[in-house]
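Asker: Below is the structure I would like to discuss, written out as structure tokens.
The values are calculated or read from the model by the stated rules, or taken from the named source; none is laboratory data. Computed from a predicted model, the values in this text were never measured in an experiment. Cβ atoms come from the backbone with ideal geometry, glycine included; neighbour counts cover every protein chain shown. To get the accessible areas, we keep the full protein, side chains included, count just its heavy atoms, and leave off ligands, DNA and RNA. Shrake-Rupley method; radii C 1.70, N 1.55, O 1.52, S 1.80 Å.
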Amino acid sequence: MTQIGYDYGPVWPQLPQNSPMINVVLVCRASAAGTLAAAGAVEQWRRRAIPVHAQVRGVVAVAASPRRPPKIVNERLQLLAGWAPSVWRVGWQEVLLAADKPNDLGVPPPDIAALRDSIVEAVSI
């Protein structure tokens, strides 16, 4: 499978001055702390306080548990939906908890396959 991205961890990509524009998809856990961090990152992008070559294409919120998320999480995700070009929610993936290498699981769960296709479409614009 072709890699379509790179994990920069909790920092913005730092590339040389003349680098071409890169697409950024932020990923957070669908928890109070995760959505707060994502909101802060999107706000930095909106204020243009990030490297000039980074273009945010959306936010992926990954379920923090199989239970329904707290009200604050849903409220922040609604806020993010008004700020970011796209917000994708991924349900709880029990199978991934026991996977040493999630890429070796074979066919991805339907939520993950749909997310992959949506992100590829979003960054191809």
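Asker: For the range 45-60, give me each residue that is within 25 Å of Val120 (Cβ to Cβ) and open to solvent by 30 Å² or more (accessible area, probe 1.4 Å). Give the derivation first.
Answerer: Step one: filter the range 45-60 for residues within 25 Å of Val120 (Cβ to Cβ), giving 45-46, 50-60.
Result: Trp45, Arg46, Val52, Gln55, Arg57.
Asker: Please go through the range 59-71 and give me each residue that is assigned to a helix (DSSP H, G or I) and closer than 13 Å to Ala37 by Cβ, ordered by number. Before you say what the answer is, go through the steps one by one.
Answerer: To start, the set of residues in the range 59-71 that are assigned to a helix (DSSP H, G or I) comprises 71.
If the condition is that a residue be assigned to a helix (DSSP H, G or I) and closer than 13 Å to Ala37 by Cβ, then no residue fits.
Asker: Any residue at all in the range 4-11 that is within 19 Å of Gly82 (Cβ to Cβ) and either touching a Phe, Trp or Tyr at 6+ places or on another chain (Cβ under 9 Å) or assigned to a loop (DSSP other than H, G, I, E, B) (or both)?
Answerer: At the first step, the residues of the range 4-11 found to be within 19 Å of Gly82 (Cβ to Cβ) are none.
Among the residues of the range 4-11, not one is within 19 Å of Gly82 (Cβ to Cβ) and either touching a Phe, Trp or Tyr at 6+ places or on another chain (Cβ under 9 Å) or assigned to a loop (DSSP other than H, G, I, E, B) (or both), which makes the answer no.
Asker: Looking at the range 61-87 only, could you name the residues that are closer than 21 Å to Val120 by Cβ and either surrounded by fewer than 18 Cβ atoms within 10 Å (Cβ to Cβ) or out of contact with any Ser or Thr (no Cβ under 9 Å at 6 or more places or on another chain) (or both)?
Answerer: So the first thing to find is which residues in the range 61-87 are closer than 21 Å to Val120 by Cβ, and the list is 61-62, 80-81, 84-87.
Listed by number, the residues that qualify are Val62, Ala81, Ala84, Pro85, Ser86, Val87.
Asker: Then there's this: Being open to solvent by less than 80 Å² (accessible area, probe 1.4 Å) and either touching a Gly at 6+ places or on another chain (Cβ under 8 Å) or not in a helix (DSSP H, G or I) (or both) narrows it down to one of Ala41, Ala37, Ala114, Ala122, so name that one.
Answerer: Working: Ala41 fails: either touching a Gly at 6+ places or on another chain (Cβ under 8 Å) or not in a helix (DSSP H, G or I) (or both); Ala37 fails: either touching a Gly at 6+ places or on another chain (Cβ under 8 Å) or not in a helix (DSSP H, G or I) (or both); Ala114 fails: either touching a Gly at 6+ places or on another chain (Cβ under 8 Å) or not in a helix (DSSP H, G or I) (or both).
Exactly one residue qualifies, and that residue is Ala122.
Asker: Just one of Val60, Val25, Val42, Val56 is within 12 Å of the chain's Cα centre (by Cα) and touching a residue at least 60 places away in the same chain (Cβ under 8 Å); which is it?
Answerer: Values: Val60 fails: touching a residue at least 60 places away in the same chain (Cβ under 8 Å); Val42 fails: touching a residue at least 60 places away in the same chain (Cβ under 8 Å); Val56 fails: touching a residue at least 60 places away in the same chain (Cβ under 8 Å).
Testing whether each residue is within 12 Å of the chain's Cα centre (by Cα) and touching a residue at least 60 places away in the same chain (Cβ under 8 Å) leaves just Val25.
Asker: Go through (1) touching a residue at least 40 places away in the same chain (Cβ under 8 Å); (2) not in a helix (DSSP H, G or I) for Leu80 and report which single condition fails.
Answerer: Going through (1) touching a residue at least 40 places away in the same chain (Cβ under 8 Å); (2) not in a helix (DSSP H, G or I) one by one, Leu80 breaks only (2).
Asker: Considering the range 24-34 alone, what residues qualify as being of a type outside the set (A, V, I, L, M) and assigned to a helix (DSSP H, G or I)? Lay out the reasoning, then the answer.
Answerer: Taking the range 24-34 and keeping what is of a type outside the set (A, V, I, L, M), we get 28-29, 31, 34.
Gly34, the sole residue that qualifies.
Asker: What number of residues within the range 88-110 satisfy the criterion of being within 14 Å of Gly34 (Cα to Cα) and either open to solvent by 70 Å² or more (accessible area, probe 1.4 Å) or in a loop (DSSP other than H, G, I, E, B) (or both)?
Answerer: Summing the residues that are within 14 Å of Gly34 (Cα to Cα) and either open to solvent by 70 Å² or more (accessible area, probe 1.4 Å) or in a loop (DSSP other than H, G, I, E, B) (or both) in the range 88-110 gives 1.
Asker: Is one or more of the residues making up the range 35-51 more than 30 Å from Lys71 (Cα to Cα) and not charged (D, E, K, R)? Quick ask: steps written out before the conclusion?
Answerer: Of the residues in the range 35-51, the ones more than 30 Å from Lys71 (Cα to Cα) are 51.
In the following step, the residues that additionally are not charged (D, E, K, R) were identified as 51.
Yes, some residue in the range 35-51 is more than 30 Å from Lys71 (Cα to Cα) and not charged (D, E, K, R).
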